[in-house]
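K.L.:
One structure, pasted below without further comment.
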Amino acid sequence: MEKFVILGGAKLCGEVNISGAKNSAVALIVAAIMVKGVCVIDNVPEVSDTYVLAEIINKLGGKAEFTDKGVITIDCTNLDCFEASYEMVGKIRASSYLMGALLGRFKHAKVALPGGCDFGVRPINLHLKAFTALGATHSVDRGLVDIQAESLVGSPIYMDQVSVGATINAMLAASLAEGTTIIENAAKEPHIVDVANFLNSMGANIKGAGTDVIKIKGVSELHGGSYSVIPDQIEAGTFMIAAAATGGDVVINNVIPKHLDSLSAKLIEMGVTVVEGDDCVRIIADKPLKKVKVNTMPYPGYPTDLQPQIVALLSVANGTSIVTENVWDNRFQYISQLTLMGAQITVDGRVAVIEGVEKLKGSPVSSTDLRAGAAMVIAGLMADGVTEVFNLKYIDRGYENFVQKLKGLGAQITRRTVEDKNEKQIIA
């Protein structure tokens, strides 16, 4: 077992480069299953989720490997298996995309229900509704979803609620269907656009991604090619919040500022200075933090994946802040960890009420999910004393070189094994 050991109090200053978007990369890697040819995808974050998906492709009979720093080469020409067992997919939420990719390619997919972070139920009813509209039938037996069709035929698909996963799965399957599919009430997140652009570069015909209506004209096959993943808006947002939490001055490079608008607006409302460049943002936090209200919403609203991080920040803001979680039904599990550090937070269903305190105090805490783990690190960076963050497997799912990047900004953080004999000597 490993942990982060953080000595709080250092202001983050300097520049940091953001990696490719994890949420995009995992969908693109799976989408390559539909391509008969070689796909070279660069700007891929080397995190556990991308490694797991590469391993899944290899087990299905394809070839996927990191051939250079941030570059994954995938050849699924000879991939011949449409069944992904729980042993393959149980570690990762993005494995749900295997349903659309395998169904598109083979007209048959048998995929275990996805794993990943546990902060709410993960219904796949919208995914299955989309597949049914395209002509597939399905059954679920002991956690294994069996979807098959004689042929896939384009059809109107209306999403009863905005769903990133269902939108991507519908795009994947419809890309190789006969005729035209129109997805209404589609999700508009940046990685939806990235998946559509990737598929189009491989020969698909998708229009409207980034709006709530996506039109897909099916093609008979997809060809190989090269593609670069967009920057990670959630990693960028995490560093923006970390800079604000420590009273820092940080330039965050390799970002698309438009993707960060909802967070930038909240930070400005809190009294933080946000300066946008063409592909960077600068965070200057030299004023007391003010209370705000935050409502998580589908894009372009405030992202649920930046909710735990801003709650950690608001725990030391002046006054009472209110955060309402509108996407997941159980994403406040981490609150008990923040209260161990002295945060004053009460939760009622989907609403967290945060009474700002002057300082957090260092404490042993645990990551309950990927973004909550990042929130624990942010809390440790601004706390008095030493914070130990355990259960790093979640953080490793989505942040590339997290410790190295934070150290480059002046953070006093190190990664250690729990059995380290010099454990009490926190920071050399």
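Please treat every number below as a calculation from the coordinates, not as lab data. What you see is a predicted model, and the numbers here were worked out from it, not measured in a lab. Virtual Cβ from ideal backbone geometry, glycine too; neighbours counted across all protein chains shown.
K.L.:
By how many nm would the segment from SER85 to LYS207 lengthen if fully extended, with 0.36 nm per residue of separation less the alpha-carbon distance?
P.N.:
Working: separation 122, 0.36 × 122 = 43.92 nm, distance 3.33 nm.
Length gained, SER85 through LYS207: 40.6 nm.
K.L.:
Then there's this: Rounded to the nearest 10 degrees, what's the angle between the helix 97-106 long axis and the longest principal axis of the chain, both from Cα atoms, 0 to 90?
P.N.:
Around 20 degrees separate the two axes.
K.L.:
Go ahead and estimate [θ] at 222 nm for the chain from helices alone: -39,500 (n - 2.57) per DSSP H run with n ≥ 4, summed, over the residue count, rounded to 500. Walk me through the intermediate numbers first.
P.N.:
Values: 14 runs with 129 residues, N = 428.
Rounded to the nearest 500, the figure is -8500 deg cm²/dmol.
K.L.:
If you don't mind, another one. Averaged over all directions, how much area does the convex hull of the C-alpha atoms of the range 345-402 cover when projected, in nm²? Can you show the working numbers first?
P.N.:
Details: hull surface 18.5 nm².
So the Cα hull casts an average projection of 4.6 nm².
K.L.:
State the answer as a single residue: which of MET297, LEU28, CYS39 lies farthest towards the positive end of the charge dipole of the chain, with beta carbon charges of +1 for Lys and Arg and -1 for Asp and Glu, about the Cα centre.
P.N.:
Sorting the options by dipole projection puts first MET297.
K.L.:
Under 11 Å from the Cβ of ILE354, count the other residues' Cβ atoms, weight Lys and Arg +1, Asp and Glu -1, and hand me the total. Could the numbers behind the result be given before it?
P.N.:
Values: positive: LYS291, LYS293; negative: GLU355.
It works out to a net charge of +1.
K.L.:
Semi-axes of the equivalent ellipsoid of the range 147-261: what are they in whole Å, largest first, if each equals the square root of 5 times a C-alpha gyration tensor eigenvalue? All intermediate terms of the calculation are to be shown ahead of the outcome.
P.N.:
Values: eigenvalues 226, 51, 21 Å².
Values for the range 147-261, descending: 34, 16, 10 Å.
K.L.:
Go through the range 255-271 residue by residue and turn each phi into a ³J(HN,Hα) via Karplus (6.51, -1.76, 1.60, θ = phi - 60°); whole Hz please, and just put x for glycine and proline.
P.N.:
10, 10, x, 4, 5, 9, 4, 5, 6, 4, 4, 5, 5, 4, 4, 7, x
K.L.:
Quote the FRET efficiency, to the nearest 0.05, computed for ARG142 versus ASN401 with a Förster distance R0 of 45 Å and r equal to the Cβ-Cβ distance. Each step should come with its number before you reach the end.
P.N.:
Details: r = 39 Å, r/R0 = 0.87.
After rounding to 0.05, the efficiency reads 0.70.
K.L.:
Once amide H atoms are built 1.01 Å from N in the peptide plane, which residues 5 or more positions from VAL38, or in another chain, come under 5 Å H to H?
P.N.:
For VAL38, whose amide H was placed from the backbone, the distant partners under 5 Å are GLY224, GLY225.
K.L.:
Whose amide H sits under 5 Å from the amide H of CYS280, counting only residues 5 or more places off or on another chain, with H placed in the peptide plane?
P.N.:
The answer is VAL255.
K.L.:
When a/c reaches 1.5 or more, the comparison of a/b and b/c decides; with that in mind, is the range 91-214 rounded, prolate or oblate per its Cα gyration tensor? Walk me through the numbers before you get to the answer.
P.N.:
Working: a/c = 1.57, a/b = 1.18, b/c = 1.33.
Because a/c hits 1.5 or more and a/b fails to exceed b/c, the range 91-214 counts as oblate.
K.L.:
What percent of all Cα-Cα pairs in the range 238-394 falls in each 5 Å bin, counting up from 0?
P.N.:
P(r) over the range 238-394, rounded to whole percents: 2, 10, 20, 24, 22, 15, 7, 1, 0.
K.L.:
Looking at this model, which pairs from LYS63/LYS188; LYS287/LYS359; LYS91/LYS215; LYS22/LYS258; LYS22/LYS69 are more than 22 angstrom apart at the alpha-carbon? List each step's numbers first, then the result.
P.N.:
Working: LYS63/LYS188 31 Å; LYS287/LYS359 15 Å; LYS91/LYS215 32 Å; LYS22/LYS258 18 Å; LYS22/LYS69 15 Å.
The pairs that break the limit, which is 22 Å between Cα atoms, are LYS63/LYS188; LYS91/LYS215.
K.L.:
Net charge within 10 Å of PHE4 by Cβ-Cβ distance, Lys/Arg positive one each and Asp/Glu negative one each, not counting PHE4 itself? Each step should come with its number before you reach the end.
P.N.:
Working: positive: LYS3, ARG415, ARG416; negative: GLU2, GLU388.
Taking every other residue near PHE4 into account, the sum is +1.
K.L.:
Right, here's the next one. So how strong a dipole does the range 191-310 carry about its Cα centre when Lys and Arg Cβ are +1 and Asp and Glu Cβ are -1, to the nearest 20 debye?
P.N.:
Here the range 191-310 has a charge dipole of around 400 debye.
K.L.:
To the nearest 20 debye, what is the magnitude of the charge dipole of the range 290-428 about its Cα centre, counting +1 on the Cβ of each Lys and Arg and -1 on the Cβ of each Asp and Glu? Intermediate values should be presented prior to the final figure.
P.N.:
Values: 16 positive and 14 negative charges, 56 e Å.
Computed about the Cα centre, the dipole is about 280 debye.
K.L.:
Which residue, chosen from LEU102, SER139, LEU267, occupies the Cα position most advanced towards the positive end of the dipole of the chain, where the dipole is computed from +1 (Lys, Arg) and -1 (Asp, Glu) charges on Cβ about the Cα centre?
P.N.:
LEU267
K.L.:
Between the range 92-111 and the range 1-80, what is the separation of their alpha carbon centroids in Å?
P.N.:
18
K.L.:
Shifting gears a bit: Within the range 117-208, which GluC sites (Glu not before Pro) sit in a loop by DSSP and count at most 13 neighbouring Cβ atoms inside 10 Å? Spell out each step's value before the answer.
P.N.:
Numbers: sites: GLU150, GLU178, GLU184; in loops: GLU150.
Loop-located and lightly packed - GLU150.
K.L.:
Now for a different question. Tell me whether the chain comes out rounded, prolate or oblate; compute the Cα gyration tensor, take square roots of the eigenvalues as a ≥ b ≥ c, and use a/c under 1.5 as the rounded threshold. Numbers along the way, then the final one.
P.N.:
Details: a/c = 1.89, a/b = 1.73, b/c = 1.09.
Prolate.
K.L.:
Would you list which aspartates and glutamates come within 16 Å of LYS36, measuring only between C-alpha atoms, while excluding same-chain residues fewer than 8 positions from it?
P.N.:
ASP75, ASP80, GLU221
K.L.:
Place a +1 charge on the Cβ of each Lys and Arg in the chain and a -1 charge on the Cβ of each Asp and Glu, then give the dipole magnitude about the Cα centre in debye, rounded to the nearest 20. Don't jump to the answer; show the numbers that get you there.
P.N.:
On the way: 39 positive and 46 negative charges, 87 e Å.
Rounded to the nearest 20 debye, it is 420 debye.
K.L.:
Taking square-rooted eigenvalues a ≥ b ≥ c of the alpha carbon gyration tensor, is the range 32-97 rounded, prolate or oblate, where a/c under 1.5 means rounded and, failing that, a/b exceeding b/c means prolate?
P.N.:
Details: a/c = 2.12, a/b = 1.13, b/c = 1.87.
Oblate, since a/c reaches 1.5 and b/c is not below a/b.
K.L.:
Relative contact order, percent, of the chain when contacts are C-alpha pairs under 8 Å separated by at least 6 residues? Don't skip to the answer; put the middle values down first.
P.N.:
Numbers: 1093 pairs, mean separation 88.6, N = 428.
21 percent.
K.L.:
Could you compute Rg(Cα) / (2.2 N^0.38 Å) for the range 240-296, with N its residue count? Working shown, then result.
P.N.:
Working: Rg = 10.7 Å, N = 57, 2.2 N^0.38 = 10.2 Å.
The reported ratio for this selection is 1.05.
K.L.:
Another question, then. Taking amide H atoms as placed 1.01 Å from N in the peptide plane, list the residues 5 or more away in sequence, or in a different chain, whose amide H sits under 5 Å from that of SER228.
P.N.:
Placed amide hydrogens put ASP42 under 5 Å from SER228.
K.L.:
Taking θ as phi - 60°, what are the ³J(HN,Hα) couplings along the range 388-397 by the Karplus curve (6.51, -1.76, 1.60), each to the nearest whole Hz, with x for Gly and Pro?
P.N.:
Listing the rounded values in order: 10, 10, 9, 6, 6, 4, 5, 4, 5, 5 Hz.
K.L.:
Moving to a separate point now. Excluding ILE241 itself, calculate the net charge of residues whose Cβ lies under 13 Å from the Cβ of ILE241, where each Lys or Arg counts +1 and each Asp or Glu counts -1. Write out the running numbers ahead of the final one.
P.N.:
Details: positive: LYS266, ARG371; negative: GLU235, ASP305.
After counting each charged neighbour, the total is 0.
K.L.:
Could you tell me which residue out of ILE335, ILE413, ASN391 lies farthest along the dipole of the range 282-428 toward its positive end? Charges go on the beta carbon: Lys and Arg +1, Asp and Glu -1, centred on the Cα centre.
P.N.:
Result: ILE413, furthest along the dipole toward the positive end.
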